[in-house]
Amino acid sequence: MTVEKVEVEPIELLGAETARDTARRWLSNSGIVIGGGLFFLVVLSALIGPYLLPHNAFDQSLIARLRPPMWSGGTAEYPLGTDHLGRDYLARLLWGGRLSLMIGFLTILLAGTIGTTLGVVAGFYGGRIDFVVRFLIMVRLALPAVLIALAIAFLAGPSLKLLVLMLGLLLWDRFAVVSRAMTLQLRNREFVTAARAVGCSDFTMIRRDILPNILNYLIIIATVEMANAVLIASALSFLGLGVQPPLPDWGLMIAEGKEYILFSPYLITLPGLAMMVLVLSVNLLGDGIRDVTDPEAKGR
Amino acid sequence: MIAVSIVGFILLRASGDLALRIAGAESLTEDVERIRLAYGLDRPIVIQYLDWAWKALHGDFGRSLFFPEDVSTLIAQRLPVTLWLGALGLGASIIIGLPLGTLAALKPNGILDRVLLGTVVLGQAMPSFWLGLLLIIFFGLTLGILPVSGSETWRHFILPTAVLAIATLPTILRLTRSGMIDALRADYIRTARAKGLSPASVIIKHALRNALIPVVAIAAVQLGALIGGSVVLETVFGIQGLGYLAWESINRADYPVVQANVLVLGAIYCLLTFVSDVLHALLDPRLRDQ
């Protein structure tokens with residue numbers, strides 16, 4: 001008589017999730033895979049792409065002006081053609097990716113810091129502080145952001161630094177609204193009360209109990225706002241009051257290509273397409289993260 | 001409102017020397033000083049603000065530095081164009097978005113739902129000025145059937161309306177969809193179905209009415225956003241609206257016009273937020289007591 005060996009299944013606590021499960025859940029979300037993959041590609045090509053090309057983004061060449069891209073009779077020397085000053089369009093597109101990514105990241109860093117600080121403090125302390133912050137949010141929302149940014153850029157002289165600073169100071173509202181609402185909810189939860197009872201300082205409570213719990217939401221907003229920042233920055237550059245030539249911002253490239261719209265439409269379609277891929281990847285990634293971390297809100 | 005006007009005013013004054021900008025970078029110091037005196041830019045900023053705000057309260061925004069008209073006349077001329085465009089774009093996106101969102105919600109994660117959501121995500125990622133230029137290339141240059149710049153006839157409004165509609169469609173469609181999904185799950189829908197009402201009647205009369213609430217509330221806010229963002233689109237299409245006026249004036253340092261523009265856009269935003277709240281309360285009896 002043989003005794004069969006019985007496999008004992010490891011007992012899992014209800015609701016507990018191993019790191020492997022988490023990874024599987026994240027990777028089974030199409031938004032995260034596609035968005036994350038695209039975003040990774042954009043970052044990678046923007047970072048190392050310019051080093052792999054024979055021409056850099058700034059060298060002008062009068063004899064190589066307005067060369068068409070490869071699919072309409074161009075050569076492999078300029079795969080995506082050249083612009084009106086004979087600069088390699090692919091190199092400029094990749095460089096533009098760097099600019100957009102930099103603008104996006106710096107903007108959400110600044111806006112996120114401002115908005116989260118205001119929101120958490122308002123939600124945590126309530127009362128008069130909350131009133132002031134709510135008022136600030138109202139004022140910010142009522143200001144026509146693009147118009148103000150344009151006017152400031154005109155008066156102060158447009159530059160990359162100013163652009164990031166303005167966007168950061170204009171796009172913090174969503175961070176503030178959400179972190180305030182979340183903090184309000186968390187403030188009276190048991191673990192915060194417990195922390196208060198054992199004598200934690202306000203700062204410790206915010207850092208250890210509040211911030212980790214709202215981080216997910218902040219990341220989701222960060223993706224939305226990053227996409228937003230890239231779009232607004234390119235719109236400002238398009239109008240000539242954002243990134244200045246000879247830097248190859250995508251919006252600026254579209255503006256420069258506008259005069260050649262009839263015979264060289266690729267000058268306009270390509271930068272827009274690049275922007276779309278970046279924004280799309282960031283949006284997909286954000287949607288994916290939200291679906292995974294907050295299944296209730298799926299598809300909204 | 002007051003805060004908006006103050007912030008707008010201070011930002012404009014703090015970000016550069018207006019007198020220098022009006023005179024031009026190469027002008028003589030004496031000329032710059034003369035302009036400063038002539039426009040009262042040498043006074044303390046509080047006095048400048050109070051003076052401007054007092055007049056603005058009486059509908060007098062001063063004179064444009066470039067146009068012969070008063071600023072209020074200018075704005076009264078341009079505002080309707082922008083409002084019309086915003087309303088047309090939003091209207092188009094609601095007409096398209098409501099039925100599509102409802103259809104998508106009937107079978108969440110079905111083929112139609114997935115296709116629609118995918119398209120919506122693509123649409124969201126398109127910069128509006130780029131989309132505008134693409135439409136210009138295609139309809140204006142390749143096909144040659146629509147005018148590409150100006151705002152004289154209704155045909156001029158087709159392309160910009162399309163751009164605005166595509167820009168707002170994602171929000172409307174998503175909200176309709178998620179509202180419908182929630183509504184279809186609710187108890188009152190089960191009751192309505194149990195009573196033996198036809199599916200069409202259940203969906204349209206019972207579910208859609210409830211799903212509409214957030215859509216209507218957001219639509220008003222969206223209109224505000226459209227009007228606030230009109231600068232870019234009106235520049236692309238050369239539409240003589242408020243945004244284009246603002247853009248021209250910024251480039252001419254025509255600060256009375258810019259200030260008035262900021263104020264008017266802020267006022268429109270506040271008004272629309274208020275309208276949205278009221279609509280919300282009208283549509284949703286549960287909110288009325290609060």
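Values quoted throughout were computed directly from the atomic coordinates according to the rules given, and no laboratory measurement underlies them. Keep in mind it's a predicted model, so treat the numbers as computed, not measured. A quick note on method: Cβ atoms are made from the backbone with ideal geometry, for glycine too, and the neighbour counts reach across all protein chains shown.
For the reader, a short list of remarks on this structure follows.
- Some residue of segment B:135-143 being surrounded by fewer than 20 Cβ atoms within 10 Å (Cβ to Cβ), within 22 Å of residue A:254 (Cβ to Cβ), of a type in the set (Ser, Thr, Tyr) and within 13 Å of another protein chain (Cβ to nearest Cβ): yes
- Under the condition of being within 10 Å of chain A (Cβ to nearest Cβ) and either of a type in the set (A, V, I, L, M) or within 24 Å of residue A:137 (Cα to Cα) (or both), the residues counted in segment B:245-270 number 15.
- Candidate set: segment A:238-266, residues that are of a type outside the set (A, V, I, L, M, F, W, C) and without any contact (Cβ under 8 Å) to a residue 40 or more places away in the chain; chosen: the one nearest to residue B:122 (Cα to Cα): A:251
- Only a single criterion out of (1) over 30 Å from residue B:107 (Cβ atoms); (2) more than 10 Å from chain A (Cβ to nearest Cβ); (3) touching a residue at least 24 places away in the same chain (Cβ under 8 Å) is not satisfied by residue B:158, namely (3).
- Within segment B:230-290, helices (runs of 4 or more DSSP H) holding 3 or more residues that are buried (at least 16 other Cβ atoms within 10 Å of the Cβ): B:230-237, B:242-251, B:255-283
- Residue count for segment A:121-132 satisfying the condition of being within 30 Å of residue A:236 (Cβ to Cβ) and either buried (at least 22 other Cβ atoms within 10 Å of the Cβ) or touching a strand residue (DSSP E or B) at 6+ places or on another chain (Cβ under 6 Å) (or both): 1.
- Qualifying positions in segment B:111-134 - within 12 Å of another protein chain (Cβ to nearest Cβ), over 27 Å from the mean Cα position of the chain (by Cα) and free of Cβ contacts under 8 Å to residues at least 40 places away in the same chain: B:114
- In segment A:165-208, the residues that are outside any helix (DSSP H, G or I) and among the aromatic types (Phe, Trp, Tyr): A:172
- Long-range neighbours under 9 Å by Cβ, at least six apart or interchain, first residue among the aliphatic types (A, V, I, L, M) within segment B:89-107, second not in a helix (DSSP H, G or I): B:104/B:110
- For segment A:150-169, filtering for residues that are more than 15 Å from residue A:244 (Cα to Cα), within 12 Å of another protein chain (Cβ to nearest Cβ) and in contact (Cβ under 8 Å) with a residue 40 or more places away in the chain leaves 2.
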